[in-house]
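Single-structure report; data block below.
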Amino acid sequence: MNIFDSVLTPQYKQVYKDAIDSLISSNGLGTQCKLSYNSNITSATDCNNCLIDPIYKKSMGKYNGSGPRSFPEGAVCPVCNGAGFLVVNNSETIYMAVLVSEKNWINIGLDPVKIPQGSLQTISKADTFNKIMNSYSMAISDQNGTNNNLLYERDSDPTYVGFGNNDYIITMWKRII
Ligand SMILES: [Zn+2]
């Protein structure tokens, strides 16, 4: 399923991608979402600095072109020391587009009757998939960024959407406090 199939000319792809990137980003309309991970579980996330061998799940010793610290090919990645993953803190703030109103939700094939009152939908970049899957709860700030007492838990596995290459994920959350 691809919700963007109907607008797939290259120009539109770019326009929509830019619009969604802005919707998600910290300097666009993105909302600060604080993910908490179960304190008994140490969460790991793929290293953001090197290419990772898809089979052995280890660093390939090759800079990925976008990470914070470039390094020569064949050297040990200075960010993960060759492990290919980073241990993440028990909580972490990421930016997502938060869609509160059901009217604005993207249809991912859920039965609206089964969605609890007060639920919301988020759109985020595909690289947040593992973080969201590992999250125990999510606190969202109000518009001033000061109030963290709206607490949610994940109510669906994230669904990939995008322009032929699954750039984004959509997740449903239900209110717990
Ligand atoms: Zn690395």
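Candidates are the residues of region 41-75 that are among the aliphatic types (A, V, I, L, M) and in contact with a helix residue (DSSP H, G or I) (Cβ under 9 Å, 6 or more places away or on another chain); the one that is farthest from LEU86 (Cα to Cα) is ILE41. LYS13 satisfies every condition listed in (1) free of Cβ contacts under 8 Å to residues at least 24 places away in the same chain; (2) surrounded by 12 or more Cβ atoms within 10 Å (Cβ to Cβ) except (1). Among all residues of region 110-133, there is at least one that is closer than 12 Å to SER156 by Cβ, in a helix (DSSP H, G or I) and aliphatic (A, V, I, L, M). For region 106-113, indicate whether the set of residues that are surrounded by 11 or more Cβ atoms within 10 Å (Cβ to Cβ), modelled with pLDDT of 90 or more and within 19 Å of the chain's Cα centre (by Cα) is non-empty. No, the conditions are met nowhere in region 106-113.
Give the residue that is nearest to the ligand (Cβ to nearest atom), with candidates limited to residues of region 68-85 that are within 11 Å of CYS47 (Cα to Cα) and surrounded by fewer than 15 Cβ atoms within 10 Å (Cβ to Cβ). Checking each candidate, the answer is ASN81. Has region 20-43 got at least one residue that is in contact (Cβ under 8 Å) with a residue 24 or more places away in the chain, within 12 Å of the ligand (Cβ to nearest atom) and in contact with a Phe, Trp or Tyr (Cβ under 9 Å, 6 or more places away or on another chain)? Checked region 20-43: no residue is in contact (Cβ under 8 Å) with a residue 24 or more places away in the chain, within 12 Å of the ligand (Cβ to nearest atom) and in contact with a Phe, Trp or Tyr (Cβ under 9 Å, 6 or more places away or on another chain).
The values are calculated or read from the model by the stated rules, or taken from the named source; none is laboratory data. Please read all numbers here as calculations on a predicted model, not as lab measurements. Note that we place each Cβ from the backbone using ideal geometry, even for glycine, and neighbour counts take in every protein chain shown.
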